[in-house]
Amino acid sequence: FIQLDTCWPPVSTMSVKVNSAFASALLAFGLLLPCQLGLPTTRNQGDRLIVFVPTRQAQLDWLELIHSQAGKPGEVGENVRFWFGPGLLNQETIVFVPGGDYGRLVSAIPSSQDTYSWWTVQKENLGKLVTRETRANAVRRRSSDISSAYRTYQEILNFLDQTQSTCGSFCSVEKFGTSYEGRDLKLIKIGDDLPSKRIIWIDAGIHAREWIAPATALYFIDKIVQGYKSSDSTIKSMLDNFAFYIAPLLNPDGYVYTFTTNRFWRKTRSAQAGGCYGVDPNRNFGYHWGGQGTSSNPCAETFRGSSAFSEPETRAVRDKLLAIRLRTISFITMHSYGQDWMVPYGYAYNVSVDNYAQMMRPVQAAADKLKSLGRNYDIGNSAVVTYPAAGASDDYAASIGVPYAHTIELPDTGQYRFLLPQSEIPRVGLETLEALKVYLGYIAAANQPRDE
Ligand code: 0X9
Ligand code: ZN
């Protein structure tokens with residue numbers, strides 16, 4: 001099975017349009033490159049995941065040093081990517097190390113003065129796992145059920161259009177912006193879009209590699225529209241109370257890049273100084289922009305951008321939100337992973353929204369529901385539950401007066417991380433929708449437009 005960095009021949013020059021079943025067979029036998037199907041190429045051979053648990057300040061300092069070296073030519077940390085941390089003493093720091101950088105990094109790790117090691121390799125070869133995911137996805141994506149596979153950007157657009165064409169005046173798709181590379185930012189409105197209807201905003205895919213999030217948003221759209229058509233009583237009452245604005249893919253450029261080039265890409269794809277690409281869109285919103293948990297280094301995973309709202313993707317969300325601000329009762333942004341349902345503010349420790357207790361009531365109910373379905377979620381202030389991170393969209397929504405604002409970190413808690421098997425989509429979709437129903441039941445009472 002040959003591994004190439006680019007598709008060859010390019011898809012556009014392939015004269016016959018391949019039948020997808022036939023293509024899957026070719027793919028399974030290694031005769032067709034995954035990228036020719038618009039799927040991720042087999043990269044990441046030898047890439048590893050290392051888990052560090054610093055128990056001493058010197059170890060934490062060293063992790064900070066490596067973290068600061070992102071993109072710096074010749075430095076040990078040049079190509080190392082921090083998936084979590086560095087945070088506090090005794091907290092896990094999860095580090096992605098490309099195969100070619102592993103030896104250099106390992107010889108630089110300060111040795112532990114303890115009898116046990118302070119780091120372990122958790123995944124020996126991410127390439128093997130990415131290849132496995134790619135093949136599985138190629139086989140199952142033929143199903144017309146939207147939730148049978150992780151969908152491509154184009155499939156997501158097609159699904160939105162198809163949904164709109166079957167639901168009449170009851171839903172409508174709106175383009176609310178354009179990404180840096182020129183892709184559509186779309187949302188679907190479901191339910192009567194009357195000025196008197198409070199809006200539930202749900203978005204996903206602001207971070208490119210968190211594939212379960214857009215998949216869950218698509219599951220919601222599918223089930224809410226189906227439920228309406230079949231007169232499902234719970235869905236009907238949800239739609240009596242609220243209009244849903246669901247934007248399943250806020251960062252299409254990054255998402256496409258995770259299919260074609262780098263499965264673990266997080267940011268947008270805008271060109272930055274020093275030859276690096278992308279801004280962390282969840283550090284680019286204009287509330288305490290540039291604060292804790294953000295980086296000024298364009299090569300870092302948490303690069304905040306050159307200014308607040310420097311990115312077209314975050315500007316589009318801001319402008320849409322400002323336009324519907326007074327009608328919006330809840331803002332929910334879906335990410336992965338971690339199984340957390342969080343409440344602002346998260347720009348620092350020890351800051352909170354005034355109505356924290358009120359916001360936590362439906363969240364507690366949602367977490368109880370998830371628990372009854374066998375899934376444990378952590379709930380609470382986002383800085384406490386994860387880490388301080390300024391310039392995130394949940395904080396921004398709360399700052400403009402949206403009464404409920406949450407980041408949800410979908411499954412899992414660290415077994416598969418971003419590579420959650422697609423066979424999990426229906427379960428995650430179902431349990432999250434059940435939790436959302438309970439959550440919405442609690443806030444339906446506050447169903448009056450704000451007058452400001
Ligand atoms: O770091 C983030 O942007 C989110 N976690 S993720 O692993 N999906 O990247 C958490 C954001 C939580 N919200 C705030 N800290 N405001
Ligand atoms: Zn995320």
Distance in nm between pseudo-label sites at MET360 and GLU64 (7 Å out along the Cβ direction from Cα): 3.0 nm
Given 10 Å bins starting at zero, what is the percent of C-alpha pairs of the range 91-192 in each, up to the one with the largest pair distance? 11, 24, 21, 19, 15, 7, 1
Proximal aspartates and glutamates relative to LYS223, as straight alpha-carbon distance under 20 Å, when same-chain residues fewer than 8 apart are discounted: ASP145, GLU155, ASP161, GLU174, ASP192, ASP193, ASP203, ASP232, ASP240, GLU424, GLU431, GLU434
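Output the peptides 143-151, 165-173 sorted from most to least packed, where packing is the average of other Cβ atoms within 10 Å over each peptide's residues.
Ranked by mean Cβ neighbours within 10 Å, highest first: 143-151, 165-173.
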Using θ = phi - 60° and the Karplus form 6.51 cos²θ - 1.76 cosθ + 1.60, what ³J(HN,Hα) does each residue of the range 149-165 get, whole Hz, x for Gly and Pro? 7, 6, 8, 6, 3, 5, 4, 5, 4, 4, 4, 4, 5, 4, 4, 4, 5
Go from 0 up to the bin containing the longest alpha carbon distance in the range 48-124, width 5 Å each, and give me the % of pairs per bin. 3, 17, 30, 29, 17, 4, 1
List the chymotrypsin sites (Phe, Trp or Tyr not before Pro) within the range 213-261 that DSSP assigns to loop and that have no more than 12 neighbouring Cβ atoms inside 10 Å. none
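Assuming R0 = 51 Å, what is the FRET efficiency of ASP161 and SER117, from their Cβ-Cβ distance, to the nearest 0.05?
FRET efficiency, ASP161 to SER117: 0.45.
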Treating cross-link reach as a plain straight distance, find the lysines whose alpha-carbon is under 29 Å from the alpha-carbon of LYS229, omitting any fewer than eight places away in the same chain. LYS175, LYS186, LYS189, LYS197, LYS320, LYS369, LYS437
Can you report the principal axis dimensions of the range 167-210 using only the alpha carbons, biggest first, rounded to whole angstrom? 34, 19, 19
Give the Rg/Rh ratio for the range 300-452, taking Rg as the radius of gyration of the Cα atoms and Rh as the Kirkwood radius, to two decimals. 0.96
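When the convex hull of the C-alpha atoms of the range 105-148 is computed, what volume per residue in Å³ does it have?
In the range 105-148, the Cα hull volume divided by residue count equals 107 Å³.
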Between LYS229 and SER196, what length comes free when the chain is fully extended (0.36 nm per residue of separation minus the Cα-Cα distance, one decimal in nm)? 9.6 nm
If each of SER144 and LEU88 carries a label point 7 Å out from its Cα toward its Cβ, how far apart are those two points in nm? 5.2 nm
Three-way shape call for the range 237-312 based on the alpha-carbon gyration tensor, with the a/c threshold at 1.5: oblate
Given q = 0.07, 0.08, 0.14 Å⁻¹, what are the Debye log10 I(q)/I(0) values for the chain, with equal point scatterers placed on the Cα positions and solvent ignored? -0.35, -0.45, -1.42
With the Cα gyration tensor of the range 147-293 in hand, convert its eigenvalues to equivalent ellipsoid semi-axes via √(5λ) and list them largest first in whole Å. 30, 17, 13
Taking Cα pairs under 8 Å and at least six residues apart, what relative contact order does the range 151-446 come out at, in percent? 20 percent
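Rule-based calculations on the coordinates, nothing more; no lab input. Predicted model only: the values in this text are computed from it and were never measured. Don't worry about glycine lacking a Cβ; one is built from the backbone with ideal geometry, like all the others, and counts go over all protein chains shown.
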